[in-house]
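The values are calculated or read from the model by the stated rules, or taken from the named source; none is laboratory data. Treat the numbers as computed from the prediction; the structure is a model and nothing was measured. We place every Cβ from the backbone using ideal geometry, glycine too, and count neighbours over all the protein chains shown. SASA here: full protein model, heavy atoms, side chains in, ligands and nucleic acids out. Shrake-Rupley method; radii C 1.70, N 1.55, O 1.52, S 1.80 Å.
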There are 2 protein chains.
Amino acid sequence: MQAASQVPPGPTAASAARTISRPGRTGPRAAGGPRRGRPPGTSARELELISLRLFTENGFEETTVERIAAAAGVSRRTFFRYFDTKADVLWQAFDGEVQRLREAFAAVPPGVPLMDAIRQVVVGANRYRAEDVPELRTRMNLIGSVPALQASAAHHYDAWERAVSEFAAARLGQVADSLYPLAIGRATLAVCRAAYDRWLDRADADLTVYLDQALRALAAGFAGDAGRSIPARTS
Amino acid sequence: MQAASQVPPGPTAASAARTISRPGRTGPRAAGGPRRGRPPGTSARELELISLRLFTENGFEETTVERIAAAAGVSRRTFFRYFDTKADVLWQAFDGEVQRLREAFAAVPPGVPLMDAIRQVVVGANRYRAEDVPELRTRMNLIGSVPALQASAAHHYDAWERAVSEFAAARLGQVADSLYPLAIGRATLAVCRAAYDRWLDRADADLTVYLDQALRALAAGFAGDAGRSIPARTS
DNA sequence: ACGTTAATCGTCACGCAGTGACGTAATCAA
DNA sequence: TTGATTACGTCACTGCGTGACGATTAACGT
């Protein structure tokens, strides 16, 4: 289930990666060489910024797609050519992180222990420039507080978890949908979400510190001194 | 976020439990003493069985609420008096498990180590009678394969995770939305979902074995011999 | 016996998300 | 200029979820 049902005639679980290889489904013409037909009248990024503003000002449920499209100067139908659902507009950055995650995993030297590698890669993928933090906070605050957005999360988390699971599977010599790789991928995301939630509550906190702490606790089986003993920075 | 946003003026995190104390929101009159007004024309359980049958026969998306209501002999509006959404009809049993989980946690002796207690309670809450297994499989197969149902999962998982988090918090002397309790609650569910997925793939498997194995791996920080060495039964 | 109260239900109407079909506008290539 | 390509707008439609209102059915009080 999960990976199996989404790869209809796929040979093994190795082809699951290719299912994800639809990176820029972000509407008409993400970018690329010399265009051909009519140029796009907007962009996924513009729609994202407009949506983010309207959502924070008036709420997610209260903001209709009609209004977002109008603010962008396009039609309602066009919005749905850029995003499959109203909620997807806030998951662009997250989906992009999955790709960075995979590349970072591929660059890990073979000697590093499994859980150490996962921790370093995940923490490294979550180092944001200071000027990008406010938007990140706004987006994550919405996702954490609006039920409809929490519901939409499952679909996007799936690819993230699978990236971790496939790395663990390769290390353990198993397929990605075995019990251990599957558990590792999902548990990794689980503790990272906990770290994110803590970070959102503290106005002046470093996200990577929370992530590092949570991932160390996971690798220790939550058997440490119950946290509270973090030596500044390590990863 | 999460617990904080759902307990508006609550004193501390202790009142979060009372937020969950809406166990039988399952429509009109779950049960109770001598009724008063007009007796219900159906029940949540009946709607669940009818929905389960129609979903497996014709698919979740293809089955309209209109059809479910008609098969039950009620109106479409009445269905939504029993369930908030079309998907919620499949989450009754899961929501009930949360209550059993809380009671089992309360009965754990103080001496048992934290992760051992969690494993025993969770495994114990998942011992089903043989005659209940087919329906459980059907329901979990649907939840695992239909995107709309996966999306609805987040809301129901929340209460389950919180039950674990609050137990962990009490043991660690922290509040439930601290980093460690939060991470433990979510990671526990994460590995249990992995166990469930593996169980669904194997036709003749024992769910509790997978759960026990996954939870032992979690408590060991995934540092064991990568599984495959389970001594029959332990919990 | 009769009215009161309480609980469930059905009908109607509405807003909004998401989808398919079809025609139109703008660009590049030959 | 002609054709191919890409993006867009309009229209119509299905289905979920909600609010308002009246009708139905039973227990309770006098």
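Over the stretch A:90-235, the hull volume per residue, using the convex hull of the C-alpha atoms, is 122 Å³. Here B:Ala70 and A:Arg67 are evaluated by their C-beta separation; at R0 = 45 Å the FRET efficiency comes out at 0.80.
A full extension of the chain between A:Arg38 and A:Arg53 corresponds to an added length of 2.6 nm, given 0.36 nm per residue minus the alpha carbon distance. Taking 0.36 nm per residue of sequence separation and removing the Cα-Cα distance, the B:Ala170/B:Asp116 pair yields an extension gain of 17.9 nm.
Taking Rh as the Kirkwood radius computed over C-alpha pairs, what is the Stokes-Einstein D of the stretch B:134-189 at 37 °C in a medium of viscosity 0.692 mPa s, expressed in µm² per second?
It diffuses with D of about 267 µm²/s by this estimate.
What the phi angles of the stretch B:164-175 give under the Karplus curve with 6.51, -1.76 and 1.60, with θ = phi - 60°, is a coupling list of 5, 4, 5, 5, 4, 5, 4, 5, 8, x, 10, 8 Hz, glycine and proline written as x.
For the stretch A:106-235, the fraction of 1.4 Å probe accessible surface lying on carbon and sulfur atoms is 57 percent. Label positions at A:Asp201 and A:Asn141, each projected 7 Å from the Cα along the C-beta direction, are separated by 1.7 nm. The average projected area of the stretch A:41-88, computed from the convex hull of its Cα atoms over all directions, is 2.8 nm².
Starting from the label point of A:Ala71 at 7 Å along Cα→Cβ, the same points in the other copies fall at 4.2 nm, in ascending order. Inter-copy label distances at A:Ala205, shortest first and taken from points set 7 Å along Cα to Cβ: 3.5 nm. Only Cα pairs under 8 Å and 6+ residues apart enter the sum, and on that basis the relative contact order of the stretch A:91-222 stands at 25 percent. Rounded to the nearest 20 debye, the dipole magnitude of the stretch A:24-136 is 660 debye, with +1 charges on Lys and Arg beta carbons, -1 on Asp and Glu beta carbons, and the Cα centre as origin. Averaged over peptide B:115-128, the number of partner chain Cβ atoms lying within 10 Å of each residue's Cβ comes to 0.
Between copies, the label points at B:Ala223 (set 7 angstrom from Cα along Cα-to-Cβ) are spaced 0.7 nm, reported in nanometres from shortest to longest.
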